2 protein chains.
Amino acid sequence: MFIGEYQHTIDLKKRVAMPSKCRVELGKKVVITRGMDKCLFVYPMKTWEKLAEKLGSLPVGESGTRSFIRLMLAGAADVDLDKQGRILIPDYLKEYAGLKKDVTVAGLFDRLEVWDKSKWNVYKNKAEKSSDDIAEQLGKLGVY
Amino acid sequence: MFIGEYQHTIDLKKRVAMPSKCRVELGKKVVITRGMDKCLFVYPMKTWEKLAEKLGSLPVGESGTRSFIRLMLAGAADVDLDKQGRILIPDYLKEYAGLKKDVTVAGLFDRLEVWDKSKWNVYKNKAEKSSDDIAEQLGKLGVY
DNA sequence: AATTAAGTGGGGAGAAGTGGGTATATCCAT
DNA sequence: ATGGATATACCCACTTCTCCCCACTTAATT
């Protein structure tokens with residue numbers, strides 16, 4: 001399971017290191033694609049295969065969702081990790097996510113997300129304010 | 001069950017000791033994450049896994065839920081206790097909780113909470129002032 | 001007073017992140 | 001087809017951070 005927040009950078013060759021803690025679970029081959037809120041999703045190959053199958057067989061539902069799924073499937077690229085555990089970000093994905101030099105990598109269960117650092121900070125601040133009351137949210141989960 | 005209040009410090013390497021009384025129950029691996037009122041939650045791995053499972057079962061369609069999940073999962077970090085029973089606080093969590101040198105560690109049933117000492121004192125004072133209300137609330141619950 | 005346990009501080013080996021050089025492959029224009 | 005430019009893959013080097021170990025201080029216990 002992927003968790004945590006990691007600060008990395010894209011170098012001149014558009015390479016981004018995956019957190020070392022996540023590398024075993026990622027494996028050598030991963031799939032990177034467009035994600036929600038203008039970030040990038042990184043899946044282990046196995047996870048992606050299952051997901052792609054599900055997405056492909058989905059009944060044609062609401063048009064917004066459908067077009068997003070299309071974007072996600074079409075935007076997928078399979079990339080290898082190099083010896084240092086980095087992946088190469090394709091140009092169109094780099095552009096889609098608005099990646100500058102500093103990026104934030106976030107662990108979210110079955111995937112990693114790659115964010116432009118400043119975008120991530122903005123998003124996080126908003127999220128913190130809106131769910132200031134984490135207690136209430138946790139309550140919904142039946143945790144307490 | 002975790003109980004009690006402990007005064008500790010963060011050293012230059014961002015390490016904080018867990019109270020020795022709690023170490024057996026914590027185990028070697030714990031998860032630290034964002035908590036309410038800008039404190040940090042420290043869960044034994046087992047407890048966290050149950051919690052994470054619940055988070056994973058939440059629908060990701062709604063953006064509010066999505067951001068809450070991101071906050072909790074991306075905000076979480078799995079850390080090991082060193083031989084002295086200390087954990088390393090990631091930068092972003094240190095910042096989130098506004099931790100200076102002195103911290104208060106509090107036991108709360110299934111978890112520990114890590115507070116900046118001054119924040120804790122403010123919070124405690126507020127709580128004490130409203131303790132009459134709390135008594136009243138407890139009364140309503142039929143505790144006394 | 002001596003011994004033990006807990007909290008704190010710091011040195012050093014190794015790992016992780018980052019940057020860059022070079023060779024091979026790919027593409028485009030000549 | 002050929003030459004040049006661009007891109008990718010692989011390798012190595014440097015810097016920083018993390019983790020492990022040891023040591024000192026204080027407090028509690030015998």
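Structure notes:
- With respect to (1) within 13 Å of chain B (Cβ to nearest Cβ); (2) among the aromatic types (F, W, Y); (3) in a helix (DSSP H, G or I), the lone exception for A:F41 is condition (3).
- Condition check for B:G56 on (1) modelled with pLDDT under 95; (2) more than 10 Å from chain A (Cβ to nearest Cβ); (3) away from DNA strand D (no atom under 14 Å from the Cβ): one failure, at (2).
- Here A:R34 meets each of (1) within 20 Å of B:I69 (Cα to Cα); (2) within 14 Å of another protein chain (Cβ to nearest Cβ) with one exception, condition (2).
- The listed residues are A:K46, A:K119, A:K54, A:K94, and the only one of them that is part of a helix (DSSP H, G or I), more than 23 Å from B:L71 (Cβ to Cβ) and touching a residue at least 60 places away in the same chain (Cβ under 8 Å) turns out to be A:K94.
- Top-ranked residue of region B:50-92 - restricted to ones that are basic (K, R), away from DNA strand C (no atom under 13 Å from the Cβ) and over 25 Å from A:V103 (Cβ atoms), ranked as surrounded by the fewest Cβ atoms within 10 Å (Cβ to Cβ): B:K50
- Matching residues in region A:23-38 - criterion: being part of a helix (DSSP H, G or I) and either more than 19 Å from A:P90 (Cα to Cα) or of a type in the set (S, T, N, Q) (or both): A:R23, A:V24, A:E25
- Residue within region B:73-85 that is among the charged types (D, E, K, R), within 16 Å of DNA strand D (Cβ to nearest atom) and more than 14 Å from every other protein chain (Cβ to nearest Cβ) present: yes
- Complete set of residues in region B:1-40 that are farther than 17 Å from B:R86 by Cβ and surrounded by 13 or more Cβ atoms within 10 Å (Cβ to Cβ): B:E5, B:T33, B:R34, B:G35, B:M36, B:D37, B:K38, B:C39
- The numbered conditions (1) of a type outside the set (S, T, Y); (2) away from DNA strand D (no atom under 14 Å from the Cβ); (3) more than 14 Å from B:E113 (Cβ to Cβ) are all true for B:D37 except (3).
- Any hit, region A:60-71, residues being assigned to a helix (DSSP H, G or I) and touching a residue at least 24 places away in the same chain (Cβ under 8 Å): yes
- Flag if B:A106 is within 11 Å of chain A (Cβ to nearest Cβ), within 16 Å of DNA strand C (Cβ to nearest atom), aliphatic (A, V, I, L, M) and touching a residue at least 24 places away in the same chain (Cβ under 8 Å): no
- Qualifying positions in region A:1-22 - polar (S, T, N, Q) and assigned to a helix (DSSP H, G or I): A:S20
The values are calculated or read from the model by the stated rules, or taken from the named source; none is laboratory data. Keep in mind it's a predicted model, so treat the numbers as computed, not measured. Don't worry about glycine lacking a Cβ; one is built from the backbone with ideal geometry, like all the others, and counts go over all protein chains shown.
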